[in-house]
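To keep things clear, I will list the structure first and then write my remarks on it.
The values are calculated or read from the model by the stated rules, or taken from the named source; none is laboratory data. From a predicted model like this one, the values you see are computed outputs, not experimental measurements. Each accessible area value is taken on the protein alone, full model and side chains, heavy atoms only, with ligands, DNA and RNA left out. Shrake-Rupley method; radii C 1.70, N 1.55, O 1.52, S 1.80 Å.
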Amino acid sequence: MRVLVYGMGNQGSLLAHTLVTGNNDVTVLARGERAKQFREKGIVIRHFIQRKTTIDQVKIITELEPHDVYDVIFVVMKYTDFKSVLPILAINETKNILLVGNNFNPAEMEEYIKSNSTNEKNIAFGFQMSGGKKSKEQITVLRTNAGEMVLGSHGEKIQFQTTLEDIFAKTKYKLSFQEDIDAWFKNHIIYVLPLNLAHFIKDYDYKSAGKDSALLKEVVKAMHEGFDLLVDLGYKNIPKGQADFVTKHEYLNFLFYKLYHHTPMVKQSESSFIEIKAFYDELYKLKATSSFKTPNLDSLVKKAEEKYLLDK
Ligand SMILES: NC(=O)c1ccc[n+]([C@@H]2O[C@H](COP(=O)([O-])OP(=O)(O)OC[C@H]3O[C@@H](n4cnc5c(N)ncnc54)[C@H](OP(=O)(O)O)[C@@H]3O)[C@@H](O)[C@H]2O)c1
């Protein structure tokens with residue numbers, strides 16, 4: 001299949017690599033130095049756990065023209081970056097678009113693309129279950145299996161599910177379809193937000209974060225509050241096991257995070273405070289419609305916001 005990966009950070013690079021291994025006709029859209037690097041050296045990925053490096057040669061473009069049509073466009077970027085590409089996606093004539101990455105408002109993005117589009121569009125949303133980071137020189141990915149994506153669309157089956165299954169058929173990459181992708185995303189954001197706030201507060205000094213038991217306990221309590229807040233706001237906890245494990249076993253979770261900070265894995269995932277800030281800003285807009293109390297989450301957000309204003 002003819003596919004485009006639009007946004008080539010570490011998540012997009014792993015996806016592009018997977019699509020190549022699946023015998024697809026892969027084009028990637030990258031910009032600036034990264035596009036130059038890909039042209040000169042191919043897509044070079046260091047797979048941290050597997051201790052191997054892969055190099056893939058693909059077509060590289062730097063702009064998406066309206067008549068440049070693909071079977072599927074995978075847009076892989078931060079929540080805060082999607083906004084700049086929605087108008088380009090809307091006027092491109094590709095029918096099937098999958099937006100991959102954390103997303104607080106999938107419905108709003110779908111509505112924007114569809115209402116500004118010149119052709120019929122199928123929009124779906126996904127989240128790749130891998131981590132990683134990128135430097136100028138290298139993209140490193142952290143994955144425990146061949147790769148996995150949780151994906152869904154609004155209240156119905158993804159219209160191009162079969163096309164997606166064909167695209168990944170020759171790979172070991174797992175597709176996990178979710179009926180309520182909006183609730184899934186919100187739960188995932190609750191799951192990652194407190195720890196990301198703690199890391200920002202500690203200026204990404206993971207050793208110091210790991211030693212700060214009071215902070216890690218606050219993180220776990222903030223997650224617990226977040227999951228309960230979602231229920232209060234009318235969202236389901238999805239996956240239920242994830243929320244249950246946090247809400248019923250706070251101390252075990254605390255121990256897990258304590259140990260996690262002693263592993264090399266903690267340094268292998270990249271987060272952007274700007275994206276995290278966008279998530280808590282959105283979350284607090286929703287929270288304003290409820291009287292539910294989240295003192296630990298509020299405290300983490302307050303500390304992060306103070307640091308953010310001080311750093312500015
Ligand atoms: N990294 C992780 O460990 C991890 C783990 C789980 C989930 N996620 C989530 O996955 C999503 C993507 O993360 P990521 O780490 O892959 O992000 P990323 O490293 O920032 O990659 C996004 C890529 O999109 C490109 N991009 C942004 N705006 C663009 C535009 N207007 N036109 C063309 N290209 C554009 C960026 O290009 P430039 O390089 O030129 O800026 C960047 O290479 C996020 O929601 C993140 O939270 C990340």
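Hey, got the Cα dimensions of segment 128-265 along the principal axes, in Å, largest first?
The principal-axis extents, from largest down, are 48, 45, 23 Å.
If contacts are Cα pairs under 8 angstrom and at least 6 residues apart, what is the relative contact order of the chain in percent?
Values: 530 pairs, mean separation 49.4, N = 312.
It rounds to 16 percent for the chain.
Could you compute Rg(Cα) / (2.2 N^0.38 Å) for the chain, with N its residue count?
Values: Rg = 19.6 Å, N = 312, 2.2 N^0.38 = 19.5 Å.
It is 1.00.
Karplus couplings for segment 62-76 from phi (6.51 cos²θ - 1.76 cosθ + 1.60, θ = phi - 60°), rounded to Hz, Gly and Pro as x?
Result, ordered by residue: 10, 9, 9, 8, x, 8, 7, 10, 10, 5, 8, 9, 9, 9, 10 Hz.
How much of the accessible area of the chain, probe 1.4 Å, is carbon plus sulfur, in whole percent?
Numbers: 7790 of 14750 Å².
Of all accessible area on the chain, carbon and sulfur atoms account for 53 percent.
Please compute the volume of the convex hull spanned by the alpha-carbon atoms of segment 190-303 and report it per residue in Å³. Can you show the working numbers first?
Working: hull volume 11.3 nm³, N = 114.
Normalising the Cα hull of segment 190-303 by residue number yields 99 Å³.
Defining a contact as two alpha carbons under 8 Å apart and six or more residues distant in sequence, what relative contact order in percent does segment 1-150 show?
Details: 292 pairs, mean separation 38.8, N = 150.
Value for segment 1-150: 26 percent.
Residues with amide H under 5 Å of GLY7's amide H, sequence separation 5 or more or different chain, H placed in the peptide plane at 1.01 Å from N; which?
Correct list: LEU29, VAL76.
Over the C-alpha atoms of segment 235-282, what are the Rg and the largest Cα-to-Cα span, Dmax, in Å?
Just the Cα atoms of segment 235-282 yield Rg and Dmax of 13.8, 35 Å.
Quick one: which of LYS202/LYS287; LYS174/LYS293; LYS83/LYS133; LYS52/LYS277 span more than 30 angstrom between C-alpha atoms? Mind showing how you got there, number by number?
On the way: LYS202/LYS287 26 Å; LYS174/LYS293 38 Å; LYS83/LYS133 22 Å; LYS52/LYS277 34 Å.
LYS174/LYS293; LYS52/LYS277, as the Cα separations exceed 30 Å there.
Report the antiparallel proportion of the DSSP beta bridges in segment 14-73 as a percent, rounded to a multiple of 5. If you can, show how the numbers build up before the last one.
Values: 5 of 8 bridges.
Antiparallel bridges make up about 60 percent of those DSSP assigns within segment 14-73.
Per residue of segment 179-187, what does 6.51 cos²θ - 1.76 cosθ + 1.60 with θ = phi - 60° give for ³J(HN,Hα)? Whole Hz please, x for Gly and Pro, Karplus curve as stated.
3J(HN,Hα) across segment 179-187, in whole Hz: 5, 10, 5, 4, 5, 4, 4, 5, 5.
Sum -39500 (n - 2.57) across every DSSP H segment of at least 4 residues in the chain, then divide by the residue count to get the 222 nm mean residue ellipticity, nearest 500.
Working: 12 runs with 152 residues, N = 312.
Rounded to the nearest 500, it is -15500 deg cm²/dmol.
At q = 0.16, 0.18, 0.26, 0.27 Å⁻¹, what is the log10 ratio I(q)/I(0) for segment 1-52, with the Debye formula run over Cα points and no solvent?
Values returned for q = 0.16, 0.18, 0.26, 0.27 Å⁻¹ are -0.45, -0.57, -1.09, -1.14.
Dimensions of segment 57-214 along principal axes (Cα, Å, largest first)?
54, 37, 31
For LEU99, what residues show an amide H to amide H distance below 5 Å, using hydrogens built from the backbone and excluding near sequence neighbours?
It is VAL75, ALA124, PHE125, GLY126, by chain and number.
Quick check: with the 1.4 Å probe, what order do PHE185, PHE48 take by accessible area, largest first? Don't skip to the end; give the middle numbers.
Numbers: PHE185 0, PHE48 65 Å².
The ranking, largest first, comes out as PHE48, PHE185.
How many percent of Cα pairs in segment 100-149 exceed 16 Å? Mind dumping the intermediate values first?
On the way: 717 of 1225 pairs.
In whole percent, the long-distance tail amounts to 59.
Using alpha-carbon positions, what is the distance between the centroids of segment 60-123 and segment 281-312, in Å?
Distance between centres, Cα-based: 30 Å.
Out of all DSSP beta bridges with both ends in the chain, state the antiparallel percent to the nearest 5.
Details: 14 of 42 bridges.
In the chain, DSSP labels about 35 percent of beta bridges as antiparallel.
Per residue, how much accessible area does the chain have with a 1.4 Å probe, in Å²?
On the way: 14750 Å² over 312 residues.
Result: 47 Å² of accessible area for each residue.
Do you know the relative contact order of segment 44-106, to the nearest whole percent, from alpha carbon pairs under 8 angstrom that are 6+ apart?
Working: 59 pairs, mean separation 21.0, N = 63.
Reported relative contact order: 33 percent.
Based on a Kirkwood Rh over C-alpha pairs, give the Stokes-Einstein translational diffusion coefficient of segment 114-186 at 4 °C and viscosity 1.567 mPa s in µm²/s. Walk me through the intermediate numbers first.
Working: Rh = 14.2 Å.
Estimated diffusion coefficient is 91 µm²/s.
Enter the mean projected area of the convex hull around the alpha-carbon atoms of segment 1-141, in nm², rounded to one decimal.
Over every viewing direction, the Cα hull of segment 1-141 projects on average to 8.0 nm².
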